[in-house]
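Let me begin by presenting the structure, written as structure tokens, before commenting on it.
The values are calculated or read from the model by the stated rules, or taken from the named source; none is laboratory data. Just so it is clear, the model here is predicted, and its values are computed rather than measured. All Cβ positions, even for glycine, are placed from backbone atoms using ideal geometry, and neighbour counts span all protein chains on display. All accessible areas refer to the heavy atoms of the entire protein, side chains included, with ligands and DNA or RNA removed. Shrake-Rupley method; radii C 1.70, N 1.55, O 1.52, S 1.80 Å.
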There are 4 protein chains.
Amino acid sequence: MVKKAKILIRKGRKEFVADLDREVTVVKEKQFFIEDLSKDFSTTYGSIRSSDLKKTGVIKSSQDKEFRIFDASFIDMYKRMKRIPQIIPLKDIGFIIAKTGVGPDSIAIEGGSGSGALAMMLGRLCRKVYSYEIEKEHFDLAKENAATLGIKNIVFHNSSLYDKIVEKNADILCLDVPEPWKVIEKASKALKAGGFIVSYSPTIIQTADFVNALLPRDDFVHLKTVEVIEREWEVEKRKVRPRSKTIIHSGFISIGRKI
Amino acid sequence: MVKKAKILIRKGRKEFVADLDREVTVVKEKQFFIEDLSKDFSTTYGSIRSSDLKKTGVIKSSQDKEFRIFDASFIDMYKRMKRIPQIIPLKDIGFIIAKTGVGPDSIAIEGGSGSGALAMMLGRLCRKVYSYEIEKEHFDLAKENAATLGIKNIVFHNSSLYDKIVEKNADILCLDVPEPWKVIEKASKALKAGGFIVSYSPTIIQTADFVNALLPRDDFVHLKTVEVIEREWEVEKRKVRPRSKTIIHSGFISIGRKI
Amino acid sequence: MVKKAKILIRKGRKEFVADLDREVTVVKEKQFFIEDLSKDFSTTYGSIRSSDLKKTGVIKSSQDKEFRIFDASFIDMYKRMKRIPQIIPLKDIGFIIAKTGVGPDSIAIEGGSGSGALAMMLGRLCRKVYSYEIEKEHFDLAKENAATLGIKNIVFHNSSLYDKIVEKNADILCLDVPEPWKVIEKASKALKAGGFIVSYSPTIIQTADFVNALLPRDDFVHLKTVEVIEREWEVEKRKVRPRSKTIIHSGFISIGRKI
Amino acid sequence: MVKKAKILIRKGRKEFVADLDREVTVVKEKQFFIEDLSKDFSTTYGSIRSSDLKKTGVIKSSQDKEFRIFDASFIDMYKRMKRIPQIIPLKDIGFIIAKTGVGPDSIAIEGGSGSGALAMMLGRLCRKVYSYEIEKEHFDLAKENAATLGIKNIVFHNSSLYDKIVEKNADILCLDVPEPWKVIEKASKALKAGGFIVSYSPTIIQTADFVNALLPRDDFVHLKTVEVIEREWEVEKRKVRPRSKTIIHSGFISIGRKI
């Protein structure tokens, strides 16, 4: 991590109020991300002295309230990245990584970079990442985010996957572009035999068009097309139920393999 | 990879039969995993000579049928692991890895090892893994699987997480045990501040009991409890629909954080 | 229907704007429920004369804008019912009706009435409905709603299913109460052999407690426990995708049978 | 019900076996559908005398084993219908009925009849049903099924909805045909203002084509397109979890309204 940051947590608390005969929230759980450790930090439960911000474990505010503090980890930094609207969620990134088995010996190509979310995760776990983005603004943002997270093994290209892929012998090529079928021919040359082509699209029509372009080819097999649904549950004593309203769709993932 | 293995693929093919006025499958897609490259390999489409098994790309069988061949990758070896019945699926492993952001700087503890599936994936992506398993038979299997896959950074303990965790300062601790709540106290000592506790259980009752044990504690926060549903789609021309019958449940994942 | 009401619709319209090179919504789709046909009705697209409100088909506003008008049907009235917060959704009501096959020869018992949503639907489709509600305010509301919809075959009791069920020989008994297992004994006497007991609960713990109370009994079999998930799709040209954010949980439905 | 039939149930039983320290199933739950009450009925737990088959309640077999017996209800008969492979499931039928609010005052048109499943349910709950089916074999089957269930308010046409719809002023028109968009023009004339058009298709491409044909029309509004997912849960003591493998897709339902 380039930047040294801390996570400060005030744990929530409920109390049973006898005359109301029910539990009420007396302290709301609150988490803070602190980038500047050189200055005191203010909260509604009192301020934390700069000297305490350098510690790890239990600290107290000026109002004698207990907080917990520890170093921000990769995922804390990742979640603080500057974003553009459409970002591939972690559930989908995790699916792609686990299903293709990429790791420290893998070469990855991906694009459009967007804010760099997928590039960053691939960068963290793979040997080398090449990320393409035609929009200058996103290209700059992705580079800035990688620098903030201290990820150094990503090469960003300010160009489109539609036009040219210069790398060869990649283990995985991930597409988050409006017309992924346009990249298949170039992907075939960029991937090594056994390498994975992955396409991520918000609509089923794009997904079907991509798979239907892949199916008749001699140089690819279609492995699977899925939606990954993250269904969150609320658990608190006997109140155990799926969350009522939640994000239930992000995109479809298609995985093929260069043969 | 310790063992050198190959993937051999005979791509499926359909043909339009004019007098039947519809498409029929004339070649079924078939994939072979070949461990012994020193001998000729027989298929229903003819045999492949040992000398061809060492190549990469297009090869032909004794019946002049085209096959594609390439080196098995990590995920091919992983899928060939010897297994015990209950194995945590890749979709869930990917979710855990992505949501906690563990990577090459991370120390992981997990158990029961089972056949070692989760240990192997964590071993591939993290710095060091400590895996606990009380059943001697599973302990041996997990060690054997790690050796086959050439994963060397896993320490296997033939003991239970219920009894003792010797490591400290871990970034993540994953539980796949019948009574995960019994491990929380030990997990608190084994995890560093900011480290993640993850529990995976097939039933919602175990899940609720675990989360309800975590909630009142000062040293943990509950981040989320989810089901990850992998919904597979069939795509072939206009036939685009979710697969009718599919595995729709494996387990619930709860993630907490040591604070 | 007791009240005579009308549905007035102004259909939405999109237009392709050449210089913007995209479609824009020029008229937003809008639906009105009109209870009082004796007065002119104002909209942002001009007012509709009272004489036109009595027609069916295409009518025009004072601004010469086209509207469509027709008689409100049962479901339009139903959706306008006065409600209390927790209401059993139509997807769940439909499931219960279809799976039990109740119809014009069926006697139904249900409670708590709440705002009467389930009672009303059962009333529409069954021969006779007996609905229990201990809270006076809800009891009054349910009766008022039934009167508004003109449903006359429901007997409302201002008492609790926990205390007494006076009817016998029912084909179906539906429970929407916090502790449904408390009603099983009484349900056994109220249902005819082959009659259905249905319980609807928001949490899985209530659901499990109900089913676990049913399972060991000699006089009931448990048929199934389900969640009914209504997953909405957006369809507009090539933009075909599940709605991103949606209500994904209401309650669990357990169906047993008196034997 | 034309045919008089009975449901005979032998309730399952588990027993705790102390020396095995676990529960074992000692009697498997078993349900029989008995059409011929004039003859003794044999089971693996002994035979039931014809005279007992006419009773309701607890009866005993020749082996002194307890059974429960009661009259088959509509839904028992419905489930015994002769079927063709693709049948619209009850969860989807229930959804359509509840969301459109059809009932004893409603006129329904539907087709293709298939085995008559939807026609039968609409027949049970609506005033009159007109069902179209071009395939003679299915037309005959649907008529036979209706006769068996004693449903008399369905008129079956041995012709296709693509060609002609003779009825007018319908409250609902349900399509289960390969190309539902071909029926929209005729549906517009057959439905009364405010009537519902419902299309049921296994693939999303058919669904999208139907909705995209409906959207630009002046005489229809698109209300919603959904998948109804019935997710079954296993409940037995602490073993509370979604069923692992289940049918997770049948078809998409699109509902529009004639205006």
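Details
- Relative contact order %, the stretch C:68-159, counting alpha carbon pairs below 8 Å whose residues are six or more apart: 27 percent
- When the surface is traced with a 1.4 Å probe over the full set of protein chains, D:K136 keeps roughly 110 Å² accessible.
- Highest-MSF residue in chain A out of A:F156, A:F32, A:F139 [GNM, Cα springs under 10 Å]: A:F32
- Shielding value for B:67-77 is 5, the average number of Cβ atoms from other chains within 10 Å of each residue's Cβ.
- Loop-located trypsin sites (Lys or Arg not before Pro) in the stretch B:148-190 (DSSP state not H, G, I, E or B) with no more than 15 neighbouring Cβ atoms inside 10 Å: B:K152, B:K164, B:K168.
- A point 7 Å from Cα along Cα→Cβ stands in for D:K55, and the other copies hold the same point at 7.0, 7.9, 7.9 nm, listed in rising order.
- Among beta bridges identified by DSSP and lying wholly in the stretch D:106-259, the antiparallel ones come to about 50 percent.
- Oblate is the label for the stretch A:105-165, because the ratio a/c of its alpha-carbon gyration tensor axes (a ≥ b ≥ c) is 1.5 or higher and a/b is not greater than b/c.
- Distances from C:R83 to itself in the other copies, using label points 7 Å out along the Cα-Cβ axis, amount to 2.9, 3.3, 4.4 nm in increasing order.
- Between the stretch D:184-204 and the stretch C:143-167, the alpha-carbon center distance in angstrom: 36 Å
- Rounded if a/c under 1.5, otherwise prolate or oblate - the stretch C:1-87, Cα gyration tensor axes: oblate
- D:V166-C:K65 FRET efficiency (beta carbon distance; Förster radius 35 Å; 0.05 resolution): 0.50
- Computed over chain C: relative contact order in percent, which uses C-alpha pairs under 8 Å that are six or more apart: 13 percent
- With every protein chain in place, the stretch B:1-119: carbon and sulfur % of accessible area (1.4 Å): 49 percent
- Inter-label distance for D:K245 and D:E232, nm, one decimal - labels placed 7 Å from Cα along Cα-to-Cβ: 1.3 nm
- Listed residues B:T43, B:T225, B:T25, most fluctuating in chain B (Gaussian network, C-alpha, under 10 Å): B:T25
- Restriction of the GluC sites (Glu not before Pro) in the stretch A:1-94 to DSSP coil positions whose beta-carbon has at most 15 other beta-carbons within 10 angstrom yields A:E29, A:E35.
- For the protein assembly as shown, DSSP calls about 70 percent of its internal beta bridges antiparallel.
- Separation of the stretch C:28-74 and the stretch D:10-33, taken as the distance between their Cα centroids, equals 64 angstrom.
- Distance from the stretch D:75-107 to the stretch A:208-241 (C-alpha centre basis), Å: 30 Å
- Inter-copy label distances for C:K28: 2.9, 5.7, 6.1 nm (label point placed 7 Å from Cα along Cα→Cβ; shortest first).
- Entries of C:K143/D:K258; A:K224/B:K79; A:K186/B:K14; C:K224/C:K258 with Cα pairs more than 23 Å apart: C:K143/D:K258; A:K186/B:K14
- Rounded accessible area of D:I84 (nearest 10 Å², 1.4 Å probe): 30 Å²
- Take every pair of alpha-carbon atoms less than 8 Å apart whose residues are at least six positions apart; their mean separation over the length of the stretch D:113-208 yields a relative contact order of 23 percent.
- Accessible surface calculations at 1.4 Å, restricted to protein heavy atoms, place the stretch C:71-143 at 33 Å² per residue.
- Close amide H contacts of B:K224 (hydrogens built in the peptide plane, cut-off under 5 Å, sequence separation of 5 or more or a different chain): B:I255.
- Rounded, prolate or oblate (a/c below 1.5 giving rounded, otherwise prolate when a/b exceeds b/c) for the stretch B:142-259 by Cα gyration tensor: oblate
- Beta bridge orientation in chain C: antiparallel %, DSSP, nearest 5: 70 percent
- When the Gaussian network model of chain C links Cα atoms closer than 10 Å, the mean-square fluctuations of C:I87, C:I248, C:I134 top out at C:I248.
- The rotation axis taking chain B to chain D passes closest to this chain B residue's Cβ, listed with the gap in Å: B:I248, 3.
- 3J(HN,Hα) from dihedral phi, the stretch A:96-104, Karplus parametrisation 6.51/-1.76/1.60, rounded to Hz, x for glycine, proline: 4, 5, 5, 6, 9, x, 5, x, x
- Take the Cβ atoms of B:I84 and C:K192, set R0 to 45 Å, and the FRET efficiency comes out at 0.40.
- With θ taken as phi - 60° and the Karplus curve 6.51 cos²θ - 1.76 cosθ + 1.60 applied, the whole-hertz 3J(HN,Hα) list for the stretch D:29-36 is 5, 8, 10, 10, 10, 10, 8, 9 Hz, x standing for glycine and proline.
- Ligands, DNA and RNA excluded, the heavy atoms of C:W181 present near 70 Å² of accessible surface to a 1.4 Å solvent probe.
- Exposure ranking of D:I172, A:I205 by accessible area [1.4 Å probe, largest first]: A:I205, D:I172
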